[in-house]
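Beneath this line is the structure, given in structure tokens, with notes to follow.
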Amino acid sequence: MLQIKKILSVLFLFVLCTMGFATSIKNYVCVVEGNISQEDKTFLQEYKNRLSNSSYAKYAEYVDAFLAGSFGSGFVYYSQEGRPYIVTNRHVVDGYSSVNLVFENEDGSNLEFKDREIIAVAEDLDLAIIGLPEQFSRPGLSLWTGKITDGDTVWSAGFPGLGNRPLWQLGSGIISNASVYMEEVIDPEVSSLIQHTAQIDGGNSGGPLLVKDETSAVGYKVVGVNTWQALNRQNTNYAIPASQIDSFILKAKTQTQDTSFDTQLSKFITNMGKNNGSGFFNITAFISSSMVYALGEGAFREVLARAPESVRAAVIASFINNPLNGLQAAVSYQVWKEFYLEGESFMRPTISEPLDQPTGKTVNYSFENEKTVSSFWIQEEDQWKLAEFSSIKESKQEEKQAKKKKIYFDFENPYFFSVSGGYVRGLTYPFNGFNLDFGLYYNFIGLNVFVEKERLIVETQDFSVDESFFLYGAAPQLQLPMIVGDFLIDITLQGHLGICLPEDLAESSISLLNFGFGTGVNLGYYTRDYISPYLTIRYNYTVFTLEDFLSNKKEKVGNHSFSIGLGLKILEV
């Protein structure tokens, strides 16, 4: 019994120590909440309303969630000269005018610092520092300067969301790759990454990755900044090494920022030439808010409808985290494409002398294939940024290539609703009629409801029929949607079930119910706007039942018909 009491005492002491550590480390970590500018709020609210009225309502939900407030994590760190900062990720503060910092106290109350300035963000790293008041009294975390190896135990600390509310979490794991290089995320010449298995959830971004160190007052030191999570792999998380923090802060403090136009233009071309996976993300910092407001919606729609799957996935992921960043990424991709031949080979342009304008500067880019692109730059937040970017002249080479554009199979159909009407011609029994068709679509499936004016003329051994009637029905549809150049093409296959209503129902020999199938093609012009016109051509085979109620005789007859018409398709976004 005495032995059991000793064991229980040790276990109880261990639990208390663990709880004490968790409580103390929480004093060093905070929630980082972004403040959206009024201009951004107005734009996003109007954009959300437009999305809500389309079949892309899921994207409206992401905008709504962002407007309701998003958050990440950060931790206290004192620079070498003793100034307190909050270290976090750049993507946690991107798109915000300022941030609020919230520390959770032991008694459940909060210590808040509102409207804190974003001191600096790293262009080549996903890091940012936020200013704290000079009278800030809480201690900061120290950086680990030793070596780390695969298998070392690490801890993740932060405030991931639970029910849209940040909730403290301390998770443990191991380092699964002490030094991994991923050019899609960070230029290998700039930094490696730490891969680990400590628990990471949405809201952990910017929080510290810790290793145990008994020399530290808190018992742990920072080995990295938690930043990314691989969605398609289990327990695969990435952190930026802590060694990058001091150099980033020092660079932000000591480097005199060259805001000249020539320097910014040189950086733009240099970043444009870095085709490391999702290369267009390298130029997002050069896209102005005014360009996002003017072109972001159309660019996002274009990416969803026509971009390669890897680009679509990257832009959508950015949009989900921050819609403004997603729209900015979509605009960046449209700009980036102008410098790449068939999306792969970088074309270094000849740059014209900047031409001063009343509100900015105009620069033209000339390429070896005789294409010229014009850009207009403005000053925003003390930086020169792109406000306009457009092709002036298509080269002969591009005109030839345009005829050989790749066919994109759009896995999310670019339209969701259609209305059409046209002429119907009977093939088995010649007649002239018309139809009106309404369609709803989702990817490879659709549902059409229709009404047709037809005529059935048939002579059999038991029946002599010459009747006009209206045919009302529904038609489930399979479709193969494609975008070819500037055209939409749908190849369709459908079955249909209808109700026949003759002009004189009492005297009619045609039964109410009928069924059949059809196939066709829709050819549309892709306007890249909300409405696209199209031509529909369709073949139908319908089986009618003839019935004589007095003699109880029945007979099935088939009717082949052809229809052609015009319609409008309503795009997804």
| said: Rounded to whole Å, give me the distance from the Cα center of the stretch 51-106 to that of the stretch 181-218. | reply: 18
| said: I'd like the per residue volume of the convex hull spanned by the Cα atoms of the stretch 513-573, given in cubic angstrom. | reply: 98
| field | Inverse mean reciprocal Cα-Cα distance (Kirkwood Rh) of the stretch 304-384, Å | value | 14.7
| task | Could you work out how far apart the two model spin labels at SER179 and GLU81 are, taking each label as a point 7 Å from the Cα in the direction of the beta carbon, and quote it in nm? | result | 3.2
| message | Not counting ligands, DNA or RNA, and with a 1.4 Å probe, what is THR263's accessible surface area in Å² rounded to the nearest 10? | response | 40
| request: Scan around SER205 for amide H atoms under 5 Å from its own, H built in the peptide plane at 1.01 Å from N, and keep only partners 5 or more places away or cross-chain. | output: SER73
| Zero-based 5 Å bins, Cα pair distances in the stretch 423-499, whole percents | 3, 13, 17, 19, 17, 13, 9, 5, 3, 1, 0
| From phi via Karplus (6.51, -1.76, 1.60), per-residue ³J(HN,Hα) for the stretch 91-107 in Hz, x at Gly/Pro | 5, 6, 10, 4, x, 10, 7, 7, 9, 9, 10, 10, 9, 9, 7, 4, 8
| Shape category assigned to the stretch 80-157 from the gyration tensor of Cα positions, a/c cut at 1.5 | oblate
| remark: Hydrophobic long helices for the chain, i.e. whole DSSP H runs reaching 30 angstrom or more by Cα along the axis with Kyte-Doolittle mean at least -1.0, come out as 2-26
| field | Electrostatic dipole magnitude of the chain [Cβ: Lys, Arg +1; Asp, Glu -1; Cα centre; debye, to 20] | value | 1040
| message | Just to be sure I understand the model, the point goes 7 Å from the Cα along the line to the Cβ. What's the resulting LEU513 to LEU568 distance in nm? | response | 3.7
| Area projected by the alpha carbon convex hull of the chain, averaged over all directions, nm² | 40.0
| Once you list every other residue whose beta carbon is under 14 Å from the beta carbon of GLU39, what net charge do they have if Lys and Arg are +1 and Asp and Glu are -1? | -3
| Rounded to the nearest 0.05, what FRET efficiency do SER109 and THR153 have when you use their Cβ-Cβ distance and R0 = 30 Å? | 0.40
| query | From the Cα gyration tensor of the stretch 124-246, with a ≥ b ≥ c the square roots of its eigenvalues, which class applies: rounded if a/c is under 1.5, or else prolate if a/b is larger than b/c, or else oblate? | reply | rounded
| Two-decimal log10 I(q)/I(0) for the stretch 45-111, as the Debye equation yields it once each C-alpha is a single scatterer, q = 0.19, 0.20, 0.23, 0.25 Å⁻¹ | -0.88, -0.92, -1.04, -1.11
| task | Filter the cross-link list LYS251/LYS361; LYS337/LYS371; LYS26/LYS212; LYS26/LYS147; LYS453/LYS554; LYS58/LYS337 down to pairs whose alpha-carbon distance in this structure exceeds 19 Å. | result | LYS251/LYS361; LYS26/LYS147; LYS453/LYS554; LYS58/LYS337
| If r is the Cβ-Cβ distance from SER260 to ASN443 and R0 is 45 Å, what FRET efficiency results, to the nearest 0.05? | 0.35
| If Lys and Arg each add +1 and Asp and Glu each add -1, what is the summed charge of the other residues whose beta carbon sits under 11 Å from the beta carbon of ARG90? | -4
| field | Label point distance in nm, ASP462-GLU353, each placed 7 Å from Cα along Cα→Cβ | value | 9.4
| said: Give the residue list of trypsin sites (Lys or Arg not before Pro) in the stretch 276-357 that are DSSP loop and have at most 11 other beta-carbon atoms within 10 angstrom. | reply: none
| field | Helical contribution to [θ] at 222 nm, DSSP H n ≥ 4, -39,500 (n - 2.57), averaged over the chain, rounded to 500 | value | -7500 deg cm²/dmol
| query | How big, on average over all directions, is the shadow cast by the Cα convex hull of the stretch 283-342, in nm²? | reply | 3.8
| field | Cβ-derived FRET efficiency at R0 41 Å, GLU117 paired with GLU214, nearest 0.05 | value | 0.70
| query | Which percent of the accessible area of the chain is formed by carbon and sulfur heavy atoms (probe 1.4 angstrom)? | reply | 55
| Excluding ligands, DNA and RNA, what is the solvent-accessible area per residue of the chain at a probe of 1.4 Å, expressed in Å²? | 50
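The values are calculated or read from the model by the stated rules, or taken from the named source; none is laboratory data. None of the values given here were measured: they were computed from a predicted structure. Glycine gets a Cβ as well: all are built from the backbone with ideal geometry, and neighbour counts include every protein chain shown. Accessible surface areas use protein heavy atoms only, side chains included; no ligands, DNA or RNA. Shrake-Rupley method; radii C 1.70, N 1.55, O 1.52, S 1.80 Å.
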